[in-house]
Structures are given as structure tokens and as C-alpha cells.
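Before any comments, here is the structure.
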Amino acid sequence: MSHNQGVMWLEVSPAQIFVGRYEALPYPNLTPAQEFVFEAAILAAVPVTITSVLFQVYSGSQLLSERRRSGRSLARMIGEESPVRVLPGEGLALRRCYFLEPGLEKLTQVFITVTAQTADGAEHQASWGASLMTYEQEVDLRLPFQGAWWTIMGNDWTDLHKGEPISQPFALDFVRLGPENGTFRDSGTALEDHYSFGQPVLAPADGEVVILTADMPDNAPGELPRPRDLRDDPRRSFGNALFIAHNDTEFSFLAHLQAGSINLPTGARAMRGQAIARCGNSGLSPGPHLHYHLQNGPNLYVDQGVPVQFSQFRVTGDLIERSAIPTRMIVTPVE
């Protein structure tokens with residue numbers, strides 16, 4: 001989506017911005033919260049120097065949140081030298097425009113206003129605004145594993161998945177914990193050292209296996225996959241992976257699975273809690289872990305990731321009926 005206003009304009013992705021609305025996040029984030037993320041590109045017909053970027057979030061006509069970045073502050077945020085300039089044909093990317101807002105006032109709109117100057121000192125503005133869609137999850141999901149796992153990437157600003165806001169804005173990464181809450185034994189240089197490796201991966205809900213990749217090897221911890229295995233296809237960076245269609249608009253994606261472990265073909269029916277594969281280290285994976293996210297369709301980088309909440313799990317002994325999962329939380333499903 002782009003909005004052209006004179007010498008500058010903005011392009012924003014994704015076209016539809018989903019909001020995760022969480023009535024009660026587990027410890028330590030005890031307050032209700034909402035989150036969403038997008039990325040924006042500033043483009044210009046002539047050279048301009050950015051003087052400020054203003055983000056505003058509304059609930060109806062009420063302004064709930066406002067963030068202003070001066071040109072100097074923007075330079076620090078994106079790792080550029082000040083002053084920040086935008087040249088014709090190049091543009092400037094604002095990645096991970098992430099918002100985690102306290103409270104449950106329904107978020108309805110987000111606006112960006114960019115102010116810049118041309119070489120003659122004239123001031124120009126470009127603005128963009130879009131509706132926010134609160135997502136209502138239909139499928140009831142269980143955690144796709146057994147035992148205690150550590151959420152190394154979850155629902156907060158530290159999550160690196162939010163750098164890809166189309167399919168992965170609400171993705172999670174999990175690793176299995178062993179004795180004394182370690183993630184591996186000995187040096188961790190062998191796959192078998194990692195407590196996650198080979199652990200059963202379970203179907204989070206009933207559904208049909210619709211797309212899978214099952215021909216990639218597991219890499220040694222810390223090693224990159226061979227270029228010939230990736231085939232210049234970014235979807236293969238997830239390694240061995242599969243989609244489960246729970247209904248027409250909710251598809252579970254489970255990735256970095258162990259080579260040769262997927263035991264259901266496409267078209268097969270998976271039942272909630274059924275072992276469907278094992279945790280591996282295939283694709284672009286620094287070490288054995290399980291990647292999970294929920295999409296509104298089965299096509300990576302085309303269909304959009306949507307907010308996800310799991311049911312019936314424990315955190316520090318407390319039973320959580322249903323919630324999103326923040327980064328660094330240790331979770332154990334209730335069997």
C-alpha cells in the first residue's frame with residue numbers, strides 16, 4: 001500500500017495489520033496488552049533529509065499512543081549516520097515498527113507522518129494511515145510438544161521474527177529443557193547433545209496436512225545449510241516443515257523438523273496431540289528448536305501470520321487457561 005504526497009510517499013507492509021489482543025499474559029507480564037507490527041518504506045522523488053517521524057495509534061477518535069522520532073533519534077534507531085537522507089530510487093526502510101500497548105481499548109487505526117526538508121529548505125510531509133484488525137482466533141490449540149520447553153522467541157519486542165511482518169509477526173521458537181534447565185549437555189557441538197533434538201512434535205489441533213517439505217538434512221549446531229539445499233528458495237530456510245489446515249483461515253506451521261521424521265503425507269488427517277514429526281535442526285537454524293506460527297493461508301510470505309494463543313499449560317506451576325506466550329517463558333502443556 002502506498003500514499004503519494006508530493007515529493008515523498010510511504011509504502012507499508014503488510015496490507016492488513018492484525019492486532020493480537022491478550023486479556024491476561026502470564027507472569028511477568030500480568031497486565032492486558034495488545035501487539036502489532038509492520039514495516040514502512042520512505043521514498044522520494046528528489047533528495048530529502050528526514051527531520052521527524054511520528055507514529056500515532058488510535059482507539060476510535062481517542063489517541064492512545066504517540067511516538068515521535070527526530071532525525072537524530074531515527075538515525076540511531078536504524079543504524080544510519082545523521083542526518084538521515086532519502087535519495088530517489090533508493091528509499092529508506094523502517095523495519096520492525098512494533099507496538100505493545102497496555103490495556104484492552106480496541107486499537108482501530110495507526111498513522112505515520114514523515115517530515116523532511118529538500119535542499120532549498122522547504123518542508124514536506126508524507127502521511128499514511130490504516131485500520132487495525134483485532135484478530136479472533138477460532139481454533140483451540142495445545143502446545144505442540146511434551147514436557148517443559150523454553151520460549152526463546154515469543155510475543156514481545158525482543159522477538160526477531162517481527163523483522164518479517166507478513167508471515168512471522170507472531171511466530172514462536174521453543175527449545176526443550178533438560179536437567180537444571182539446560183538446553184544441551186556436554187559441549188553442545190553434537191545434535192544429540194541438545195535436549196530438543198529428536199523430541200516428538202505434536203499436532204496442536206485436528207486438521208489436514210496440506211503442504212510439507214521433507215527432503216532437507218539436519219545441520220550440525222551453528223552450521224549453515226548448503227546452498228544447494230536452499231535452492232534460492234526462501235521458504236526452504238525453514239527446513240523440513242509442514243502446514244496443518246485447521247479450518248479455511250487458520251493453518252499451523254511447524255518447522256526445522258528432523259530429517260526423515262515427518263510421518264504423515266499431504267492430505268492425511270492429523271489429530272490433536274498426535275506425534276507427527278520430531279524436532280530437528282534443518283534449514284536456517286542455529287541449533288535444534290521448534291518454530292511455530294499460525295497463518296491465514298498455507299503460503300509462506302504471501303499469506304499472513306496471525307496472533308496465536310495456546311490453551312491449558314503451566315507457567316511456574318500456575319495453570320494458564322489460554323494465553324499468548326512472551327519470550328523467555330518456560331511452558332509445560334497440561335496432558
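Expressed as a whole percent, the accessible area of region 156-307 that falls on carbon and sulfur atoms is 52 (1.4 Å probe). Counting only protein heavy atoms and a 1.4 Å probe, the chain has 45 square angstrom of accessible area per residue. Sequentially through region 172-178, phi angles give Karplus couplings (6.51, -1.76, 1.60; θ = phi - 60°) of 9, 10, 10, 10, 6, 9, x Hz, Gly and Pro residues having no value and appearing as x. In this simple spin-label approximation, Q274 and Y301 carry label points 7 Å from Cα along the Cα→Cβ vector, and these lie 3.1 nm apart.
Taking each DSSP H run with n ≥ 4 as -39500 (n - 2.57) and averaging over every residue of the chain yields -1000 deg cm²/dmol at 222 nm. Karplus-based coupling profile of region 321-333, in residue order and whole Hz: 6, 6, 6, 6, 10, x, 4, 6, 7, 8, 10, 9, x, with θ = phi - 60° in 6.51 cos²θ - 1.76 cosθ + 1.60 and x standing for Gly or Pro. Taking 7 Å steps out from each Cα toward its Cβ at T31 and E335 produces label points 3.9 nm apart. The slack between A190 and E105, meaning 0.36 nm per residue of separation minus the straight C-alpha distance, is 25.8 nm.
The string of couplings for region 273-285 from the Karplus curve (6.51, -1.76, 1.60, θ = phi - 60°) is x, 6, 6, 10, 5, 10, 5, x, 9, 8, x, 7, 9 Hz, one whole number per residue in order, with x for Gly and Pro.
Amide H contacts for T51 (H built 1.01 Å from N in the peptide plane; partners 5 or more residues away or on another chain; cut-off under 5 Å): T115, A116, Q117.
Put simply, the amide H of S282, placed in the peptide plane, has neighbours under 5 Å in N219, N240, L257, leaving out anything fewer than 5 places away on its chain. Using a 10 angstrom Cβ neighbour count of at most 14 plus a DSSP loop assignment to flag exposed chymotrypsin sites (Phe, Trp or Tyr not before Pro), which longest range of the chain is free of such sites? Looking at the chain, 1-156 is the longest stretch - no exposed chymotrypsin sites (Phe, Trp or Tyr not before Pro) with at most 14 other Cβ atoms within 10 Å. Where the alpha-carbon atoms of the chain are placed on the principal axes, they occupy 64, 45, 40 Å, in descending order.
Shown is the FRET efficiency for Q62 and E23, computed with R0 = 22 Å from the Cβ-Cβ distance and rounded to the nearest 0.05: 0.65.
The values are calculated or read from the model by the stated rules, or taken from the named source; none is laboratory data. This is a predicted model, so every value here is computed, not measured. Note: ideal-geometry Cβ built from the backbone for every residue, glycine included; neighbour counts use all protein chains shown. The area values use the complete protein model at the heavy-atom level, side chains included, leaving out ligands, DNA and RNA. Shrake-Rupley method; radii C 1.70, N 1.55, O 1.52, S 1.80 Å.
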